[in-house]
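Below is one structure, written out as structure tokens; the observations come after it.
The values are calculated or read from the model by the stated rules, or taken from the named source; none is laboratory data. Treat the numbers as computed from the prediction; the structure is a model and nothing was measured. Here the Cβ positions follow ideal geometry from the backbone for every residue, glycine too, while neighbour counts run over all protein chains shown. For the accessible areas, the whole protein counts, side chains as well, though only heavy atoms, and no ligand, DNA or RNA atoms are used. Shrake-Rupley method; radii C 1.70, N 1.55, O 1.52, S 1.80 Å.
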Amino acid sequence: MITLKENELYQEIELFVDGQKIGEAEVDIKYKMLSRLSIFPPYQDKGYGTEVVKMLTEKYDLDVLWVNADNKRAIHTYEKNGYKIDEPTMYLMKR
């Protein structure tokens, strides 16, 4: 069972399973956006990311997030929770 420990001032969230910290997240409540999610490596590939995205999406009525285009694992997790890739609005530019 995943439990959440929240800091309302910054919308920073620590993620725990059985008292063990497994990751962190940040939610922008004003814009209904998951702005950061990190599941620590020992806890990846166990379904926690999918469960956390579902919990946070429902709790905060989230409808948007950012993800690196090359982060296939995260994209898969978000798509399982109903998110879809939208048009790119940011580009990496180099000189």
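The residues of region 30-43 that are at pLDDT below 95 and part of a loop (DSSP other than H, G, I, E, B), listed by number, are LYS30, TYR31, LYS32.
For GLY19, the test of being modelled with pLDDT of 90 or more and open to solvent by less than 60 Å² (accessible area, probe 1.4 Å) is failed. Select, from GLU14, GLU51, GLU58, the only residue that is out of contact with any helix residue (DSSP H, G or I) (no Cβ under 9 Å at 6 or more places or on another chain) and open to solvent by less than 60 Å² (accessible area, probe 1.4 Å). So the residue among GLU14, GLU51, GLU58 that is out of contact with any helix residue (DSSP H, G or I) (no Cβ under 9 Å at 6 or more places or on another chain) and open to solvent by less than 60 Å² (accessible area, probe 1.4 Å) is GLU14. Taking region 61-85 as the range and being out of contact with any strand residue (DSSP E or B) (no Cβ under 7 Å at 6 or more places or on another chain), assigned to a helix (DSSP H, G or I) and either in contact (Cβ under 8 Å) with a residue 12 or more places away in the chain or open to solvent by 60 Å² or more (accessible area, probe 1.4 Å) (or both) as the test, the residues that pass are LYS72, ARG73, ALA74, HIS76, THR77, GLU79, LYS80.
On the given criteria, is VAL27 in a loop (DSSP other than H, G, I, E, B) and touching a helix residue (DSSP H, G or I) at 6+ places or on another chain (Cβ under 6 Å)? For VAL27, the condition - in a loop (DSSP other than H, G, I, E, B) and touching a helix residue (DSSP H, G or I) at 6+ places or on another chain (Cβ under 6 Å) - is not met.
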